[in-house]
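Scroll down for the structure; my scribbles are underneath it.
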Amino acid sequence: MKQTKTKFLTIALFIGLASTINAQENTTNKSNGGIKGGYNLAAVSFDGDGETEQRHSFHVGVYGESFISESFSIQPELMYSQQGYVITNSNGTFTQKLNYINLPIMLKAYPSKNFFLEAGPQIGLAVSHKEEYDGLFSGSQEYDPNSFDWGLNFGGGFKTDSGISLGVRYHLGLGDLYDEGKAQNRVWQFSIGFDL
């Protein structure tokens, strides 16, 4: 199982690198790169029965945007993202903290000069996890989430002529967080980016 995930990660990274190189060779607009960060609202969908409460957190990282035509670009990113979920009941509050290094590869379309829509795949590597219990929960059980995550991103935003961008993105996780059950990430991200 882990070998399959490793192969998937390797293939996805190769495709992203090849796409970026190809985009740079055929660009008609100036390529750019920069830093971005912002606010996360992270939750998990369990067995398709709705979502948990949201963990409020943040993301930060770097990006590189390469134009493949006048109105389309490819933007790979490398992001640190705090995710997870919160469950509250009569016994108290349980918080699962999951922190990832994510690699989104976004195809961006510019219907107008300063407005963009984006979509693309994302793979992630969980670099840490922590469970917090607050209330009458007994013990402090430690879970063992899967290391790899993958899914799709959808979003849009505005980018000024000076290279400042404001965006919103939704991550639809398709990988299972645990070996048992069907728990998948759901993350809203609100970002500000700066071309360097």
Restricting to DSSP loop positions (anything but H, G, I, E, B) with no more than 14 other Cβ atoms inside 10 Å of their own Cβ, which trypsin sites (Lys or Arg not before Pro) remain in the range 93-196?
113, 182
First select every other residue whose beta carbon is under 15 angstrom from the beta carbon of residue 92; then total the charges, Lys and Arg +1, Asp and Glu -1.
-4
By the C-alpha gyration tensor axes a ≥ b ≥ c (rounded if a/c is under 1.5, else prolate when a/b exceeds b/c, else oblate), the shape of the range 23-134 is prolate
For the range 169-178, in residue order, the Karplus 3J(HN,Hα) values (coefficients 6.51, -1.76, 1.60; θ = phi - 60°; whole Hz; Gly and Pro = x) are 9, 10, 9, 9, x, 10, x, 7, 5, 10
For the range 33-190, the count of lysine pairs 8 or more apart or interchain whose alpha-carbon atoms are under 25 Å apart comes to 9
Just to be sure I understand the model, the point goes 7 Å from the Cα along the line to the Cβ. What's the resulting residue 93 to residue 188 distance in nm?
1.8 nm
Once label points are set 7 Å from the Cα along Cα→Cβ at both residue 180 and residue 101, what is their separation, rounded to one decimal in nm?
3.1 nm
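Grab the Cα-Cα distance for residue 160 and residue 132, subtract it from 0.36 nm times how many residues apart they are, and report the gain in nm with one decimal.
6.0 nm is the gain from fully extending residue 160 to residue 132.
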Give me the distance between the Cα centres of the range 57-132 and the range 166-196, rounded to whole Å.
5 Å
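Read-outs: derived from the displayed coordinates by stated rules, not from any lab. All of these numbers come straight from a predicted model, not from anything done at the bench. A quick note on method: Cβ atoms are made from the backbone with ideal geometry, for glycine too, and the neighbour counts reach across all protein chains shown.
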